[in-house]
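J.: Dumping the structure here so I can ask a few things about it.
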Amino acid sequence: MSERANDHYVAPVEETAPQAIDSVKLGDRKSNLWLDAWRDLRRRPLFYVAVAIVLWVGAMALFPTLFTDVPPNNDCLLANSNGGPEAGHPLGFTRQGCDVYARVVWGARTSLLVGVLVVVITAAIGIPMGAIAGFYGRWIDSVLSRVGDIFFSIPYFLAAVVVMSVLSQYRNVLVISVAIGGFAWASLARILRAEVLQVKNLEYVMASEAVGRSRFSTLLRHVLPNSLTPVIVYLTIALGAAITAEATLSFLGVGLGSDVMSWGNDIAQAQTSIRTAPMALFWPSLALTITVLAFIILGELVRDALDPKARARR
Amino acid sequence: MLMYVVRRLLQAIPVFFGTTFLIYFMVFAMPGDPILALFGEKTPNPAVLEALREQYHLDQPFIVQYFLYMKDVFTGNFGTTFSGQDVGDVLARTFPVTLKLVIMAVVLEFLLAVIIGLISGLRQGKFFDNSSLVIALVLNSVPVFVALFLAQYFIGIKLGWAPPTVGANTTWAAMFLPALVIALTIYVTGMRLMRGSVIEARDADYVRTAQAKGLTSRRVVPVHIARNSLIPVITNTAASFGALIAGTTVTEGIFNIPGVGRTLYQAIILGEGPTVVTFVTILTVIYVIVNILVDLLYAVLDPRIRYV
Amino acid sequence: MTNPPSASTRRASEPLVSVRDLEVTFRTQGGDIHAVRGISFDIFPGETVAIVGESGSGKSTTATALIKLLPGSGRISAGQVLVEGRDITGLSDRQMASIRGGVIGYVPQDPMSNLNPVWSVGYQVREAIRANGVASGRKDIEARSIEVLKQAGLGDAERRTKQYPHQFSGGMRQRVLIGIGLGADPKLLIADEPTSALDVTVQKTILDHLASLTREKQAALLLITHDLGLAAERASKLIVMNQGRIVEAGPSLEILQNPQHPYTKRLIAAAPSLASRRIQSSTEVTFADADALGVDIAKLAARHDDDSAIADAEPAITVSDLTKVYSIRRGGFSSEPLTAVDNISFTIPRGTTLALVGESGSGKSTAAKMILGLEPPTSGEITVGGTRLTGVSRSQLFNLRSRMQPVFQDPYASLDPQRSIGAIIAEPLKVHKVGDNASRDARVVELLEQVALPSALAHRYPNELSGGQRQRVAVARALALKPEVVVLDEAVSALDVLVQAQILQLLADLQQELGLTYLFITHDLAVVRIVADSVAVMEAGKIVETGTTDEIFDNAQVAYTQRLLEAIPGAGIPLGA
């Protein structure tokens, strides 16, 4: 046995022939981060469920008349107060005698609009603030980050309460969106800044500058597109959170005016009769919860799909 | 460590003035009479109006108003509420109640996050992991006030397992239900953090090294996986502590808990603008202070920050 | 065996670890991956064995299979691993725990990530000692841990046990890991690339120490490495792996001097550290197989010797008195100056290569950034082809940039993952507004050809390419504007030897074809020998020695340079004699 240590073993060359060094092997499909993420999303059943819910709610918001013949605000008969389901009114009536189902349908528009507007405002402030602070560094970063810190340090729900209290005469969708988005951007800016700080030190960014591309152009072309993953995830989830925030503010009476139909207002009005007609509270709450859940799930799925490491682990 | 603390405290100064200034600015830099705007559709009586103008130094230029107001805040002169009570007295009465509620909620949240997150991370992709995530996301999607109503209605009224409202009886037991509801609606963030860092730690080189030393998983899991993963969860929990103090408005309103939040809740509901502003400012200052403590806690937990 | 030999000789002749037909499989979404495909070998008590291979050869997988710590979804799918005659493939985690540490110790590759950042160093050593029952009682364990760290060469061990990993340098951490690995006096120590993350000079001291410690403790050593020179220098037995199989195994010297398998021949031909030996001894060794591949490091180096006559040509680039001072934040408020680059000067004649050599922190990369105009110098001057680069206006600098282009180190970070290969290569043309779309597309095809890549790649994305192919794309991008000077900042350091040799070959061909001037920045002196005409050695921001490559390698004057040269692994192996 001891000679074995001195054996010179050579594997049969036919079985272990070396291959060409570093030959190019291309798959039959193009592949990059976004394409791969898209392919991954399309394989997950939950993705379709979430998208279907979002499309459904979107359709209700855009074309409510496809879903109900009951006009939005009239047709409320006090005689129907807290009435149960009946033909043409599948979910019964509110205390004011309004059709619950119709109100859920019409309320979708407000909720979704607030969500989308908040996301637009959050992105419009948060992306430039975070990207510029992270990319240019030095005093620009110090100034922008301190400003962000200030906005970050006021819980955005409290800030919105103050704004809505002050602007009590102007309680419309745009104002409430500004009140929420005007403070929610600070988190986004923080997240993006951290990401940009990592990406800007990568070698392709240096290569781009060594070619002579201007700093700003490099930021737009190379740094920002490669820092967007957490931004997309954050904004998707923020859309759901904004819908909740609107509902909560409306519930407190500092949200939208009581004449505006929104899920939040409906829940707020139904709470007074929670013991006698709990279903009037239940249905708008369910619509709200399902919509928010759909956006949260979308955010989680996109996060997974855009993270190659997470994909490999599955 | 000392340098870190000093630097963090210095950073807090502009934030402190910035936040209070911003709130003040939002209210008092609006065109028109800010006090009237705060009352909305209501018409206050002239005496109240005059008292408020006095309190907010409205005869001075805006920036002077702010500094005089800050001086009042620092000297403990918070002014009076709408109904004429001294804000300082109200705080002294209500803050301990809120603190009790929030501590209970935060402890519950932490336990849920750590236990479920750890098991999920160790059994990544298995049934427990998937189902616990779905449950947490659903709970997270229910707006707090809806969850509170449901709990109040089913557990409080229908089943009678817990008092549906708290009222003057602010014992731990009486406030357990609302605390649990809060914890259930927010633990998902901490759980995801815990799960994520457990998965990361499980694959980390230092865990393999620990196993290669001859340690069994009974030791590797708590000492090398859980200990490292706790850092982000603890800081997240501490941060939610601040957010909760600021966010008990709805909870205390619905469960009628006599804390800071209910005071704000009633002021909002009744449209008492000036009281709202006062309490929002106070809650924001508390939030800022808690956030500083969170960062210091971070340094205590992570030797990489402790010993620079 | 009818006549058993005496107990002591029998123990010596029985393998400590015996691997039989071992197969390791990883389960992935795209199906099973067979990382190790039926390998067999023995490790006898006290001997040093090295497994050599490129990334993906299965060498590290084999190492972790011996202690059943396969990463992720990996599992032993067939075969046996006998440790002292006992098959471990069926053992439970608890049973394995008694083998790990006590019988088989393990020293991992990356000292930065292998110590738990939240526990003190002493705690992590004591844990290893306690787990293997080498000592008991708090005092004993404490004493033993300090002794272990001292043995591993950590000075001031008593005080240092209370510190945390982030307060240690890479070399010190690796000593701690060696201490942990040997803490329980294992019979076999597996060292998986124990020094590849460290500076060359540190590398040598650590390996020396590892060798003497294992000898002292009479432990066997299994060394996993990509570096054939290092393996041959340290191990008595070599196992060469490729694609999960053993292609050749046997005594180190014999394999190096008389390789039989074509893959081994290839590896030897491509290993820079071994090549330099051959030139010095000017022994004519030809490997038919390596010839056929067009990759022979020795030939590459020899070619440089031929055309070293151009040394008097006009300088393509002149750097004089270049200095960079950073101000570093100390603690909180005060700042102190740090001189990263200290008054360096050199010239590179047109069409030649200057290697700027130094260890981490020597300032070589900062110098590169200043020359590329990515970092403004504190003082000093840079001239390219007679035109000053420093103190010029922004638009002048923009025009000058086309004369000088970089290739960076990390193949996975050097290409924007969201742009197609064609867009990446055409970017310099676009920025400088050269030609129209059609002519730019044509130029991209031409450049891809120059770096020997198929033109179909233009519409693909970087994530489909290997590290070597990405570096080719980076070279193509650098060449797009027809620069005079290419700054290669550790451009081949992250690549496997065969791919490295291929890229070096490509660079040499391009230099001849296009008359390029290279500034070759590297920590790896072995590669310098092959590619450079002249060498400048940097230490702590200063150039400590310059000269032609031959001068430096044959007759280094400065002690630091001599230390660097000695640290080249495999330099002392008589080859092909």
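J.: For segment C:220-272, please list each of the strands (runs of 3 or more DSSP E) lying entirely inside it that holds at least 3 residues being open to solvent by 10 Å² or more (accessible area, probe 1.4 Å) and under 14 Å from residue A:16 (Cα atoms). Full working, then the answer.
T.: On the way: elements: C:220-225, C:237-242, C:245-251.
Output list reads C:245-251.
J.: Among B:142, B:102, B:146, which is buried (at least 21 other Cβ atoms within 10 Å of the Cβ), closer than 30 Å to residue B:16 by Cβ and within 14 Å of chain A (Cβ to nearest Cβ)?
T.: B:102
J.: Filter segment A:136-162 for residues that are open to solvent by 20 Å² or more (accessible area, probe 1.4 Å) and β-branched (Val, Ile, Thr); which is farthest from the other protein chains (Cβ to nearest Cβ)?
T.: If we take residues in segment A:136-162 being open to solvent by 20 Å² or more (accessible area, probe 1.4 Å) and β-branched (Val, Ile, Thr), then A:140 is farthest from the other protein chains (Cβ to nearest Cβ).
Yes/no per residue for (1) assigned to a helix (DSSP H, G or I); (2) more than 14 Å from chain C (Cβ to nearest Cβ):
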position	(1), (2)
B:175	yes, yes
B:182	yes, yes
B:192	yes, yes
B:209	yes, no
B:215	no, no
B:240	yes, yes
B:263	yes, yes
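J.: Right, another one. Could you say whether any residue in segment C:110-120 is of a type in the set (Gly, Ala, Ser), within 24 Å of residue C:222 (Cβ to Cβ), under 33 Å from the mean Cα position of the chain (by Cα) and open to solvent by less than 60 Å² (accessible area, probe 1.4 Å)?
T.: Yes - at least one qualifying residue is present in segment C:110-120.
J.: Now for a separate question. Report whether or not residue A:281 is crowded, with 24+ Cβ neighbours inside 10 Å and part of a helix (DSSP H, G or I). Steps first, please.
T.: Details: crowded, with 24+ Cβ neighbours inside 10 Å: yes; part of a helix (DSSP H, G or I): yes.
Answer is yes for this residue.
J.: Here is a follow-up. Could you please find all residues in segment B:119-132 being open to solvent by less than 40 Å² (accessible area, probe 1.4 Å) and touching a helix residue (DSSP H, G or I) at 6+ places or on another chain (Cβ under 8 Å)? Full working, then the answer.
T.: Start the filter on segment B:119-132 by keeping residues that are open to solvent by less than 40 Å² (accessible area, probe 1.4 Å), which leaves B:120-121, B:129, B:131-132.
Listed by number, the residues that qualify are B:120, B:121, B:129, B:132.
J.: Here is a list: C:521, C:424, C:530, C:503. Which entry is within 30 Å of residue C:566 (Cβ to Cβ), open to solvent by less than 10 Å² (accessible area, probe 1.4 Å) and at the interface with chain A (Cβ under 10 Å from one of its Cβ atoms)?
T.: Just one listed residue meets the conditions, C:503.
J.: Residues in segment A:208-227: is at least one part of a helix (DSSP H, G or I), at the interface with chain C (Cβ under 10 Å from one of its Cβ atoms), surrounded by fewer than 21 Cβ atoms within 10 Å (Cβ to Cβ) and aliphatic (A, V, I, L, M)?
T.: For segment A:208-227, residues part of a helix (DSSP H, G or I), at the interface with chain C (Cβ under 10 Å from one of its Cβ atoms), surrounded by fewer than 21 Cβ atoms within 10 Å (Cβ to Cβ) and aliphatic (A, V, I, L, M): absent.
J.: Shifting gears a bit: What are the residues in segment C:19-33 that are at negative phi and open to solvent by 10 Å² or more (accessible area, probe 1.4 Å), if any?
T.: C:20, C:23, C:26, C:27, C:28, C:29, C:30, C:32, C:33, listed by residue number.
J.: Follow-up question, since we're still on this one. Can you say whether residue C:434 is free of Cβ contacts under 8 Å to residues at least 24 places away in the same chain, open to solvent by 20 Å² or more (accessible area, probe 1.4 Å) and of a type outside the set (Asp, Glu), as far as the supplied structure shows?
T.: No; evaluated as a whole, the condition is false for this residue.
J.: Residue by residue through segment B:106-128, note down the ones that are assigned to a helix (DSSP H, G or I), farther than 14 Å from residue B:230 by Cβ and within 14 Å of chain A (Cβ to nearest Cβ).
T.: B:120, B:122
J.: Here is a further query. Give the residue, chosen from C:190, C:180, that is at pLDDT 85 or above, β-branched (Val, Ile, Thr) and part of a strand (DSSP E or B).
T.: C:190
J.: Also, I was wondering about something else. Which ones in segment A:289-307 are buried (at least 20 other Cβ atoms within 10 Å of the Cβ) and either at the interface with another protein chain (Cβ under 8 Å from one of its Cβ atoms) or in contact with a Lys or Arg (Cβ under 8 Å, 6 or more places away or on another chain) (or both)?
T.: A:289, A:292, A:293, A:296, A:297, A:301, A:305
J.: I want to confirm something. Restricting to segment B:199-222 and keeping residues that are open to solvent by 20 Å² or more (accessible area, probe 1.4 Å) and of a type in the set (Val, Ile, Thr), which single residue is farthest from residue B:296 (Cα to Cα)?
T.: Taking the candidates together, the pick is B:216.
J.: Quick test of your reading of the structure: residue C:542 fulfils all but one of (1) surrounded by fewer than 22 Cβ atoms within 10 Å (Cβ to Cβ); (2) touching a residue at least 40 places away in the same chain (Cβ under 8 Å); (3) among the charged types (D, E, K, R); (4) touching a Ser or Thr at 6+ places or on another chain (Cβ under 7 Å). Name the failing condition by number.
T.: Condition (4) is where residue C:542 drops out.
Every residue, every condition in (1) touching a Gly at 6+ places or on another chain (Cβ under 9 Å); (2) in contact (Cβ under 8 Å) with a residue 60 or more places away in the chain, yes or no:
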position	(1), (2)
A:255	yes, yes
A:262	yes, yes
A:266	yes, yes
A:271	no, no
A:279	yes, yes
A:283	yes, yes
A:290	no, yes
A:299	yes, yes
A:302	no, yes
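J.: Mind listing whichever residues of segment A:259-284 are farther than 26 Å from residue A:120 by Cβ and more than 10 Å from chain B (Cβ to nearest Cβ)?
T.: Once the filter is applied, which keeps residues that are farther than 26 Å from residue A:120 by Cβ and more than 10 Å from chain B (Cβ to nearest Cβ), segment A:259-284 yields A:269, A:272, A:273, A:276, A:277, A:279, A:280, A:283.
J.: Filter segment C:474-488 for residues that are surrounded by fewer than 23 Cβ atoms within 10 Å (Cβ to Cβ) and within 11 Å of chain A (Cβ to nearest Cβ) and give the result.
T.: Result: C:481, C:483.
J.: Take the residues in segment A:164-174 that are open to solvent by 20 Å² or more (accessible area, probe 1.4 Å) and modelled with pLDDT under 90; name whichever of them is nearest to residue B:275 (Cα to Cα).
T.: So, considering only residues that are open to solvent by 20 Å² or more (accessible area, probe 1.4 Å) and modelled with pLDDT under 90, the one nearest to residue B:275 (Cα to Cα) is A:167.
J.: Same structure, new question: Restricting to segment B:73-99, give me the number of residues that are of a type outside the set (Phe, Trp, Tyr), surrounded by 13 or more Cβ atoms within 10 Å (Cβ to Cβ) and not in a helix (DSSP H, G or I).
T.: 6
The values are calculated or read from the model by the stated rules, or taken from the named source; none is laboratory data. Quick caveat, the model's predicted, so the values are computed rather than measured. We place every Cβ from the backbone using ideal geometry, glycine too, and count neighbours over all the protein chains shown. In case anyone asks, the SASA skips ligands and DNA or RNA and just uses the protein heavy atoms, side chains included. Shrake-Rupley method; radii C 1.70, N 1.55, O 1.52, S 1.80 Å.
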